[in-house]
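See structure below.
The values are calculated or read from the model by the stated rules, or taken from the named source; none is laboratory data. Since we're looking at a predicted model, the values are computed, not measured. Counting neighbours? That spans all protein chains shown, and the Cβs are built from the backbone with ideal geometry, glycine included.
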Amino acid sequence: MEVKEGKTVIYACFGGFSNTGITTALASMDAVKEVGLDKVCIGCLGGLPVNVKSVYENTDKAKKIITVDGCPMECSRKTVENAGYQIAKSIVLARDIGMKKKSLYEGDEKSLTDNVDDEEVKKAKELIVKAILEE
Ligand code: SF4
């Protein structure tokens, strides 16, 4: 299904190797739930570097683009910019809410959710919602 004209598009880094990356995903989904899919949608980041036509078509129609990255690597911002798009707001959780990056690859803990802080997800979601609603 195509994105309607004028929607905001969020590109989240969704980095599954770390708490910071996973938080971008959870917070972005919570932001969409709060604001509504009629106004905002999460883009397919992986489609940009491999030139997926529908991903470009939807992004071309975006009212504005917000990138949400977990750490200073800023994979989402760089990917979106490399695809030729201008970003209205870049959010980096390590910088903007002071998250400390923790590897989910190292260690032998079994639970994904034990590595995610609900308060950090909430803070990140609030920043994303603010960026969506800003004119
Ligand atoms: S920005 Fe950081 S957390 Fe996100 S995918 Fe890249 S390396 Fe992982």
- [ ] Determine which single condition Ile22 fails, assuming it passes every other condition in (1) more than 18 Å from Lys123 (Cβ to Cβ); (2) at pLDDT 95 or above.
- [x] (1)
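Taking the stated definitions as given, is Gly21 touching a residue at least 40 places away in the same chain (Cβ under 8 Å), in contact with a helix residue (DSSP H, G or I) (Cβ under 8 Å, 6 or more places away or on another chain) and of a type outside the set (Asp, Glu)?
no
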Open item on the list: Tell me whether the stretch 17-35 contains one or more residues that are near the ligand (Cβ under 9 Å from one of its atoms) and outside any helix (DSSP H, G or I).
Closed with: yes
- [ ] Working only within the stretch 46-72, note down all residues that are without any contact (Cβ under 8 Å) to a residue 40 or more places away in the chain, surrounded by 15 or more Cβ atoms within 10 Å (Cβ to Cβ) and of a type in the set (A, V, I, L, M).
- [x] Leu48, Val55
TODO: Sort through Val80, Val55, Val68, Val129 and tell me the only one that's part of a helix (DSSP H, G or I) and within 16 Å of the ligand (Cβ to nearest atom).
DONE: Val80
Open item on the list: Go through (1) over 15 Å from the mean Cα position of the chain (by Cα); (2) within 19 Å of Asn82 (Cβ to Cβ) for Gly36 and report which single condition fails.
Closed with: (2)
Open item on the list: Residue under question is Ser90, and the condition is that it be of a type in the set (Gly, Ala, Ser), over 22 Å from Val121 (Cβ atoms) and more than 9 Å from the ligand (Cβ to nearest atom); does it hold?
Closed with: no
Open item on the list: For the stretch 73-121: of the residues being modelled with pLDDT under 95 and hydroxyl-bearing (Ser, Thr, Tyr), which is surrounded by the most Cβ atoms within 10 Å (Cβ to Cβ)?
Closed with: Ser103
